[in-house]
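A.B. asks: Please find one structure pasted underneath; my questions will follow.
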Amino acid sequence: MRADLIDVSLEDYGHSVLITLKGTFTSEQIPALREKLSSITDERKRTYLMDLEHCQFRDASYLELFLDLVNQVQGRDGRLAFIFTREENWKFFRRWSNVFEIHASLDDFSRSGLIEALRRRGIAFSKRTGVRLSSGMALVMGIIVCGWIVTLVSMVTFQEKEIRARESQILQLENKQRTLMRNLDDLKSAVGPLRDMGLLEAKNPGQANDSLQIWIDYLSKLEKKRTGSSPDQSLDSVFPDSIPITNDSVTP
């Protein structure tokens with residue numbers, strides 16, 4: 001039979017192409033039908049719907065024809081779905097029902113867009129079993145989840161190390177501050193008597209050195225007077241009036 005004698009009709013259904021087959025198909029029609037369908041489904045990234053509700057297939061070779069057609073369409077990044085409700089056709093396609101996308105009506109196909117897209121990627125859902133993953137999809141999901149876990153653990157570990165490093169820096173700065181405060185207090189304690197003696201009030205280095213020498217001479221005279229190793233000498237002549245002696249500075 002020639003291809004142009006096969007009852008095949010085409011019409012647009014939304015963004016899809018609806019192919020309707022009618023009649024009884026025997027082994028003699030396989031080459032003609034293969035040629036016809038191959039010429040119809042040669043576009044890339046297109047969705048094709050094949051209505052087989054009014055078809056009868058008398059040869060199992062049509063399964064091979066439809067399997068080849070599905071592979072061709074999917075190889076062009078397209079989609080091929082079959083529409084029928086006849087029990088006879090269900091029995092005919094049952095052997096490969098997990099490969100063919102079969103719907104009871106066009107409305108059923110429209111409602112199954114997301115579910116079918118997930119099924120083609122290895123994710124299936126049913127009320128009886130819930131969500132099921134194919135082995136490949138399960139492996140991909142496992143890798144993704146493990147990647148998330150590793151990333152989360154790495155972020156937490158990095159933040160923990162950063163917090164500990166900053167705490168250590170803060171502790172070192174606090175210890176350094178306490179050390180500087182102690183050194184400052186010690187310096188104030190050491191400078192206090194010098195300030196009381198008037199040694200730090202000089203405005204130039206020469207005056208400070210003269211004051212220091214006068215104090216040294218004055219203390220030497222006191223020591224000699226106490227031990228009697230030299231004649232008495234007036235302390236006022238040693239300590240001039242410009243640097244007064246106070247009770248807080250020296251106690252005879």
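Read-outs throughout are calculated quantities, based only on the coordinates presented, and are distinct from any laboratory measurement. These figures come from a predicted structure and were not determined experimentally. Glycine gets a Cβ as well: all are built from the backbone with ideal geometry, and neighbour counts include every protein chain shown.
A.B. asks: Please give the length that would be gained between MET181 and MET141 if that part of the chain were fully extended, namely 0.36 nm times their separation in residues minus their C-alpha to C-alpha distance (nm, one decimal).
C.D. replies: Taking 0.36 nm per residue and subtracting the Cα distance, the gain is 8.4 nm.
A.B. asks: For a quick check: sort VAL153, VAL70 by the number of other beta carbons within 10 angstrom, fewest at the front.
C.D. replies: Final ranking by Cβ density, sparse to dense: VAL153, VAL70.
A.B. asks: In the range 20-94, how does Rg compare with the Kirkwood Rh, expressed as the Rg/Rh ratio over alpha carbon atoms?
C.D. replies: 0.94
A.B. asks: Suppose R0 equals 30 Å; then what is the FRET efficiency for LEU10 and SER110 from their Cβ-Cβ distance, rounded to the nearest 0.05?
C.D. replies: 0.95
A.B. asks: What ranking, highest mean first, results for peptides 94-103, 172-181, 52-61 when packing means the other Cβ atoms within 10 Å averaged over each residue?
C.D. replies: Numbers: 94-103: 13.9, 172-181: 10.0, 52-61: 15.9.
Averaged packing, sorted descending, gives the order 52-61, 94-103, 172-181.
A.B. asks: Suppose each label sits 7 Å from its Cα in the direction of the beta carbon; what would the VAL99-LYS161 distance come out to in nanometres?
C.D. replies: Distance between label points: 5.3 nm.
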